[in-house]
Amino acid sequence: MKAHVRASFRALTALVLVAVALVGPGCRRAVKPEAGGDRTVEAGVPVAFGSEGRDAPEVKWDFGDDTPPQQGARVSHAFPRAGSYQVRALEKDEVLATATVTVVPRPVLRAIPADAEVAIFFPQLRGNVEPLVDFFSRMLGQAQARQALEEAPLLSLVLRELRGEPRMVDPEEGVGFFSLPGFEGTVALLGVTDTEAALEAVVEELRSGGARVVGREPGGTVRFQRESGTSMLLFPDRGYLYLVVPDSPEEAGEADGEEQASGRLEKVLAQEGGTEAGEEEAIRARITGMSGPGLSEQPLLAELKPKVGAGNVHLFARAEEGDTSDGIRGLWAALKVDEGKADLEGWVATDKSLFAGKSGPGSELLGKAPANPIAALMVSMPPEEMTKLVFGAPGSGRRERTLQRLQAEGFDAAGAENLLGALRGDMTLLAYFDAVAFYRNFFLGNRRPEPRGTLLFQAGLVRSGPVLEWLTGRLKARGQPYEVVKGADATRLRTRVMDQPVELTVSADRLTVNGGESLGARPAGDVGVALRERFGANAFEPGHLSAMVDVGRLRAELDAPKEVPGVSPQQLPVARSLVGTLLDQLPPVENIFIDFAPEEGGGRFRARAALRERTR
């Protein structure tokens, strides 16, 4: 019996010793720290490790990203840049728990609030900023392009990155500008990897531009006052720097100043040592309090994205809340730059079909016109829409002013309405350059570098009488001498403008204007087909608004003449060199093209600018 009691006592003693060991100094090892398991997070977004439980051990957390460790039972850490990191919970040299954290760039659209009305942004810096900087450097000159970019908020940090200076920005994240409802101004944002260094760099940049620091907070917020008296607010949030820039009085304009002032948030000025707290603070609260995907999953944006290809820079805009007066819901566009060429593609979303789903007639002039124009414009739309474009919409101020002018010119109400309804819906303009006439005028005429060439214009008509009456009335009112030549199928009005012959021909279904030098020596063909082959996008077809300017063709025309009657062989090269020097002072644009056409649910627009290599 005693032996049994002794054995029980020894067992009880051992049990007590084990219990003491468990609750003693080594008890923390019995409850392991919670590393949270492997996960994927966004750069700059704080992520928690550990537990808030009462028995959670306090350990040292090593995040594996060369940042200082943190001590605590539960800590929060934001990884500044993308990569894969092993997070370890340490007690002295012993690893108690680990987790692999994969950090991905935080998309710029997730850093822009979902209610943004306008947003212009680079999806990421790497591979997008360099082509754009190169394009504008070639177009404007390197010094001017750099100056223009450096004057834009936060972009100076981007340029430092391109110059290879110590990295503060995240090349995998983006930069952009956006506007918010109720705020008259712009917010700029930029993804950064070293928040403190980036903040100080921006502060110095703004100071050098004349802004004055009027307040700072421990969290990194800096308030500025510009020379105009308006304020700015700079602050970090989840891996991005934000700069809130209200419109200055000069930018807003004096005319609508009172209206804007009534809609702006009331500003409260603190005493000395305080800072300005107003609409900039409200914007900061909206951004720092933002949760969820931001603008990235905005329904309208998700609808528009598939309509347009990818680009280096994107633009999103939506109608103001409750504003459906023009039927436009939003816009999405992408600018792609590559090898001296910039292509813009965009989509305008509407709540109903543009032009009620109707198309306009094609251009008869383009079908058979002299080859190689230096500029072309074609507008094709339903007649009523053409009338709105030219004379203003019914009931608008522009339409009323048009009617008043017509009445002053002798048209009664019925005659004015007949004139306004005379357009068929198609207009075409072609411009040609005549180098021989140019050089002849330069040496033998008024000796000025004035353009010489031909303009061809044609507009389809549904009635010609009111148009002929209006044209003759305008010529008489201007005191312009003219000759009337009546034919079996058309009436021609001949006059001179700027010492150039002009002929206006009015037939039953069209108005044609031919001004300038004769084009008889040029071969004629289907210019519309040639333009479509060159620019694509179904341009210059019925239902499109298309235009192009061909500076390269202008240069070729200037270089073409080998001799000019009356001009000595020694003079022509001198003039050609002088004109070339003058043209080289302009941006080196080879050609510009734009096109817009309605489609189901909206309209698509395209634009292109191609540069040539500078030769001087």
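The values are calculated or read from the model by the stated rules, or taken from the named source; none is laboratory data. Note that the structure is predicted; figures quoted are calculated from it, not measured. Backbone-built Cβ (ideal geometry, glycine too); neighbour counts: all protein chains shown. Remember, those area values only see protein heavy atoms, side chains included, never the ligands or the DNA or RNA. Shrake-Rupley method; radii C 1.70, N 1.55, O 1.52, S 1.80 Å.
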*asked:* Give me the percent relative contact order of the chain, please, defined on Cα pairs under 8 angstrom at least 6 residues apart.
replied: 11 percent
*Sequence-distant or interchain residues sharing an amide H contact under 5 Å with residue 500, placed H: which?*
none
*Calculate what fraction, in whole %, of the accessible area of the range 402-470 sits on carbon and sulfur atoms when a 1.4 Å probe is rolled over the protein chains.*
56 percent
*Average accessible area per residue (Å²) across the range 93-164 - probe 1.4 Å, nucleic acids and ligands excluded*: 44 Å²
*Mind pulling the angle between the C-alpha long axis of helix 2-23 and the longest principal axis of the chain? Nearest 10 degrees, somewhere in 0 to 90.*
30 degrees
*Using only the alpha carbons of the range 395-532, determine the length spanned along each of the three principal axes and report them from longest to shortest in whole angstroms.*
51, 38, 36
*Once the whole set of protein chains is in place, how much accessible area is left on residue 557, using a 1.4 Å probe, in Å² to the nearest 10?*
30 Å²
*FRET efficiency for residue 40 and residue 524, Cβ-Cβ distance as r, R0 = 45 Å, nearest 0.05?*
0.10
_What's the ranking of 233-239, 64-70, 607-613 by average number of surrounding C-beta atoms within 10 Å, highest first?_
233-239, 607-613, 64-70
*asked:* Over the range 285-404, with the other protein chains present, what is the accessible area per residue in square angstrom, probe 1.4 angstrom?
replied: 49 Å²
*Once you have a ≥ b ≥ c as the square roots of the Cα gyration tensor eigenvalues for the range 47-103, tell me rounded if a/c is under 1.5, and otherwise prolate or oblate according to whether a/b is larger than b/c.*
prolate
*Return the label of the correct value of Rg and Dmax of the Cα atoms in Å, as calculated from the structure shown, out of (i) 35.1, 144; (ii) 24.2, 81; (iii) 26.6, 100.*
(i)
*Degrees, to the nearest 10: 195-208 long Cα axis against longest axis of the chain*: 40 degrees
*Cα shape, the range 314-415, gyration tensor, a/c 1.5 rule*: oblate
*Using Cα positions and a limit of under 19 Å, work out the lysines in reach of residue 476, with same-chain residues fewer than 8 apart set aside.*
486
*When we measure straight from the Cα of residue 32, which aspartates and glutamates land under 17 angstrom away, once same-chain ones fewer than 8 places off are left out?*
52, 55, 58, 62, 91, 93, 94
*For the range 484-537, report the accessible area per residue in Å² (1.4 Å probe, heavy atoms, rounded to an integer).*
57 Å²
*Got the relative contact order for the range 273-415 handy, in percent, Cα pairs under 8 Å and 6 or more residues apart?*
13 percent
*Could you work out the Kirkwood radius for the range 162-249, taking every pair of different alpha carbons, averaging 1/r and inverting it, reported in Å?*
13.6 Å
*Starting from the Cα of residue 352, draw a straight line to each of the lysines and keep only those under 25 Å, dropping any in the same chain fewer than 8 residues away.*
305, 307, 388
*Scan around residue 43 for amide H atoms under 5 Å from its own, H built in the peptide plane at 1.01 Å from N, and keep only partners 5 or more places away or cross-chain.*
104, 106
*For the range 101-205, how big is Rg over Rh, using alpha carbon atoms and the Kirkwood form of Rh?*
0.97
*Could you tell me how many degrees, from 0 to 90 and to the nearest 10, lie between the Cα long axis of helix 571-584 and the main elongation axis, the longest principal axis, of the Cα atoms of the chain?*
30 degrees
